[in-house]
Amino acid sequence: MADNVLVVFIVSQLLAWLSVAVAVAGRIAVAILSMTLSLAVAGLGLNDYSSLIPWIPWVNAYIGVGLDLASLIILYAAAATTIATLVYGKTVDIATRAWVSTVLACYASLAGLVFAWTLPLFYVYWELLVIASTVLVALRDRGLGIAYFAYMQVASLLLLAAIGMALAEGVVSLNTVHVLPPLAAALAATAFAVKLGVAPFHTWLLATYTRIGEPSAAILSGVVTVAGAYGLYRFTPMMPESIVNVFAWIGVVSALLGSLAALASNRLVEIASYSSIGHGGFIAAGLSAGGFAAAGSLYLAAGHSLAKPLLFLVAHVVRTSTGEEDVRRLGLLLKTMPLTSIAAFTACMSLAGVPGFALFPGELATILEAAKRIGLVFAVLLAASVFASACYAIRLWLRVFWHPPVLRAFRPPGEPGAGTLIPLLILTSLCILVGLVGGIVIPHIIP
Amino acid sequence: MHLGENMVDPMTMLVLVYAVSIPLAFAPRIGKTVTCLAIAVAGIIALTLSRESISHVYAYGLPLLELHGELGVAALLLNVFLALIVAGLAPARGAVLALTLVASASSLLILMADSVPVLLLGLEAASIAVIGLLALEDKRVALRYAVVSLFSASIIVLGAAILWANGFKTIHGLGGPEAALGLALLVAGVAAETGLAPFHMWVPDVASRGSGLGLSVAALAVDTPLLVTLYRIVSGIEPGLPYVATMLLVLSIASMCVGELSALAQRDVRRMVGFSVVSDAGYIVLLALGESLSGRIGLWPAIVFATASGASLALAFASTRPGLGPVYGLPLATSLLCLAGLPPLYGFPAKLSVVTAFAEAGLPYLAVIAAVFFVVSAVYNVRYVVVNAADLASKPSPAPFILYSFTLVALGLAPHVLMVLGGV
C-alpha cells in the first residue's frame, strides 16, 4: 500500500493538466474546478512516499513521488494565488484562453514539482515550469519571453549538471543522507538562486516583473519563483557546509540590497519587484541556515507567495483605476477605496513582517534560529533587512492610501467592482490566516 | 560465431526482406506500403539478431558484424523512424522507394560493422542512395554531398589500408604507435561524413537546399549510425595515443562551439537544424572520449543521444522545404523541442544521459561544458518555436508524422523500455 501516493500523484496531475486542456477549450470555470479537485486529491498523499521505479536505468535515474507538509504548504499557497489571480483576471478582462491555460500550466508544473521525490523527476517538472512561465511572459512580449527563457534555461542546465553529478554519485532521491559534491551543490544552489531572484542572479527579475503586467507578475512571484525556494529547501540538507554558508551570506546581501532598492523606488510594480529580490534573499539565507530556520523560511516562502501576488494585484487595481503608478502622484485612496486599502494594508504589513500577518512567523523563526546557527551578525543583518522592508511597505501604503499626493492634486477614484475585490479579499484573509497559524505549523515542518 | 552457423536464419530473413522488397517497391499501389513494412520488419529482425549476449559474426575468418542489444535497439528505432518518414513524405515512385530500402539496409551495416571494410561498404551504399534521393530535387546539392562522401570514403580507405597492413582487423582496440596514422585518417574520414568541425562547411548548405526526404534519410541511415560507430571506434581506442585523444577533444569542442553558436545566429530553420547536426556530432565524440578515458559510460548514453538527435533532425528536415520554411507545424515544433532536450520528449533522457555520463566518468567539467552548450541549443530551438508559434499552429500535420511525434514523447516518458527491448 506504500504506493497509494503514486495513484494520488497520477490522479492529481491528470486533473491539473485536464484543467489546462479545459482552459484551452475556453471553459475557465470548469478549469478552476478541475484544478481545485486536483488540489484536494493531492492532499490525500500527505506523508506518504512511493517506492522507486526505474526510468533511465543506465544513468541511475528513478521515478519516485512523495508529499510532506512542506510540499503541501507550498502547493496550497500557490493554488490559492492561482485561483485568486484567475478570478481577478476574469473580472478585469485580461483572462484570454492562452493566459488562463498558461497560468494553470504553471500551477500544474508546480504541483508535480512538489510531489517529485527523485532528482530526475524534480528536474522534469522544473523544466515544465520554465516552459509554462516562458509562455506566460512571451504572451505579453515575445522578445522578453525569449530572454527570460535563456536566463531560466541557464539555471535549468546548471541544475541538470548538478543532478547529473548527483546521480553519478548514487544520490537518487531527495530524502537522502548523501552529501553532494561541492561543484554540484554550487551549481544547484546557483540555479535556485536564479529562480528565486537572489542578487546577483536577479537581473532577469525587474525587467520581467515590470513589463508583463501585474497579474502575470503575481503568478510569477507566487507560483514560479517559489519553486526556487522549494528547491533550495530540498537540496540544502545535501549540500556541503562551505557552499551553504556562502549562499547564506549571498542571501543576506540580497535581502538588504533588495529592500533598500525598494525603499528608493517610486513605481508600484518596481517596489514590488525589488521587494521580491529582498525577500528572495531572506528566504535563501534562512534556507541555507538550515534546521528550524529552514522550516521558518519555507513557511515564509509560502506566505510570500500569497502576500506578493496580493500586492501586485492591488498595484493593478490602483494603476487601472487611477492611471497612475508613481506613489508620489497617488494618495488618499483609503477614503474612496476602503476595501482595496485593507487588501493593500494586509499585503504591506505582511511584507513589513508585522506580527499577525503572513511573513512574520517565518521571519521570526528564521532570525532566531540563524542567530544560533550562523551568528549574531548574520541575524542582525537579516533583522535590518526586515526593518528596511517595513520602511518601504509602510511608506507605500501611507503614500498611496493615507497621505495626500506629493507631486500634484489628485482626485481618488471609487472602489472597483465586487468581482475584482473578492479575489483580493480572499488573499487578504489567507495572509492573515497564515500569519496567525505560523506558530503552530512551523514546528511540524521537518527539513 | 561464423556466418552460416546458427545465426544464419535471422540473417537470411533480413537479407530476404530487403531482396524481396526492393523489386516490390516498383509495384504500383503497393510499393510504398511494402517499403514501409519492409523497413520496420527489418528493424525488428535486426533487434532479434542482436538480443543475444554480445556476439560477433565472421565470414572466412574476417570480422563482419558486431551484435549488441544496444545496437539492435538503435537499428529498430532508426528503421521505425525511417518507415514513418517514408510513409509521410516519400512519393510512390519505385526508384525513390528502392533507394530508401538500400539506405536502410546499408545503415544496418554501418551500425553493426565490426571491421572497416564492412563500414565502408555500408557507408558507400547508403551515401549513393542519399545522393540519388537528393538528386531527384536538386542536382547541385546531390553533387556537393557526393563530393563530400567521396572525399571521406577516400580517407577512410586510406586509413583502413594502413590499419589493415598493421594487423588491425576490427574497429576495436586500436592502439599503439602503429595504429596512430591509420586511426587518425579513419576518424578524419568519418568526421568529414558526419560534419564534425572543421569538416562541417558543407552541412548547413546541403541542409538548407536538400530535399526533405533525402536529408531525413541521410540523418537516419547515414549520420546517426555513423555517429554510433564513431563512438564505438573512439571509445575502443586503447590508452597510449594522447595526441589522437587531444585531436578528438579539440574537434568535438570545436564542433559544439561552431554548431551551437552558428545555429544561434540563423534565421532559416534548415540552416539552424544543419548546424545542430554539427554540434550533435561533437557531443558524441566527447562522450566517446569520456568512455575511452574512464570505461564507465557504456554504449547506452551514446545510443540514446544519437538516436534522439537523428530522429529529431530527420523529422525537422521532413517538416520543412528549402526556401519555404515549415510545411508541417506540430512535427516541426516537436522535433525542435526534442532537439532542445525539453521534457517529456526523447531529447530529455538523451540530454540527462550525456550530462550524467560525463559525471560518472569522473569528468564533471565536461558535464558543465555540455550543459552550457545545451543551453544554447535550447535557446535557439525554443526561440524558433515561440516566434513562429502562430505560423506553426496553422500548418497541417500528416498522420505518420503525428505518430512520429508521439513516439518521441513515448520514448521520453519511458526510455527504460529501450533497455527492456535490448534485453540488456
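Values computed for the structure shown
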| read-out | value |
| --- | --- |
| Surface share of carbon and sulfur [accessible, 1.4 angstrom probe, percent] for the stretch A:1-153 | 69 percent |
| Per principal axis, descending, Cα span of the stretch B:226-316 in whole Å | 44, 24, 17 |
| Projected-area average for chain B over all orientations - Cα convex hull basis, square nanometres | 17.8 nm² |
| Counting all C-alpha pairs of the stretch B:136-193, share separated by more than 17 Å (%) | 43 percent |
| Dimensions in Å of the stretch B:156-230 - Rg and Dmax from alpha carbons | 14.6, 43 |
| Tail fraction, Cα-Cα pairs, the stretch A:151-277, threshold 24 Å, whole percent | 31 percent |
| Alpha-carbon centroids, the stretch B:187-235 and the stretch A:238-270: separation in whole Å | 48 Å |
| Solvent-accessible ranking of A:22, A:252, largest area first, probe 1.4 Å | A:22, A:252 |
| With every protein chain in place, the stretch A:289-411: carbon and sulfur % of accessible area (1.4 Å) | 67 percent |
| Cut-off under 5 Å, modelled amide H: who pairs with residue A:49 long-range | none |
| Rg(Cα) / (2.2 N^0.38 Å) computed for chain A, rounded to two decimals | 0.92 |
| Alpha-carbon radius of gyration plus Dmax, which is the widest Cα pair, for the stretch A:313-414 in Å | 16.4, 52 |
| Alpha-carbon spread of the stretch A:323-382, three principal axes, descending order, Å | 48, 23, 13 |
| Per residue convex hull volume, Cα atoms of the stretch B:126-276, in Å³ | 92 Å³ |
| Largest to smallest accessible area among B:391, A:48, B:114 [probe 1.4 Å] | B:391, A:48, B:114 |
| Restraint check, A:308/A:335; A:195/B:395; B:139/B:351, Cα-Cα greater than 29 Å | A:195/B:395; B:139/B:351 |
| Projected label distance in nm at residue A:30 and residue B:178, using a 7 Å step from Cα toward the beta-carbon | 7.6 nm |
| Exposure rank, largest accessible area first [B:328, A:230; 1.4 Å] | B:328, A:230 |
| Relative packing of B:361-371, B:121-131, which averages over residues the other C-beta atoms within 10 Å, highest first | B:121-131, B:361-371 |
| For residue B:200, solvent-accessible area (1.4 Å; no DNA, RNA or ligand), Å² | 30 Å² |
| Shape box of the protein assembly as shown [Cα atoms, principal axes, largest first, Å] | 95, 54, 52 |
| Of the trypsin sites (Lys or Arg not before Pro) in the stretch A:377-422, those whose Cβ has at most 12 other Cβ within 10 Å and which sit in DSSP loop | A:408 |
| Accessible area of the stretch B:13-60 divided out per residue, in Å², using a probe of 1.4 angstrom | 56 Å² |
| The protein assembly as shown - share of DSSP beta bridges that are antiparallel (%, nearest 5) | 95 percent |
| Computed Rg/Rh of the stretch B:279-401, alpha carbon atoms with Kirkwood Rh | 1.04 |
| The stretch A:302-447 - accessible surface per residue (Å², probe 1.4 Å) | 40 Å² |
| Carbon plus sulfur fraction of accessible area for chain B, probe 1.4 Å, in percent | 71 percent |
| Those residues of the stretch B:375-409 for which accessible area with every protein chain present is at least 10 Å² below the isolated value (1.4 Å probe) | B:375, B:378, B:379, B:382, B:383, B:386, B:387, B:390 |
| Relative contact order of chain A, defined on C-alpha pairs under 8 angstrom at six or more residues apart (%) | 15 percent |
| Chain B: most fluctuating residue of B:383, B:271, B:321 per GNM, C-alpha cutoff 10 Å | B:383 |
| Debye log10 I(q)/I(0) for the stretch A:80-169, one point scatterer per Cα, at q = 0.10, 0.11, 0.23, 0.26 Å⁻¹ | -0.31, -0.37, -1.12, -1.24 |
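The values are calculated or read from the model by the stated rules, or taken from the named source; none is laboratory data. A quick note: this is a predicted structure, and the numbers were derived from the prediction, not measured. Virtual Cβ from ideal backbone geometry, glycine too; neighbours counted across all protein chains shown. Areas reflect the complete protein model, heavy atoms only, side chains present, ligands, DNA and RNA absent. Shrake-Rupley method; radii C 1.70, N 1.55, O 1.52, S 1.80 Å.
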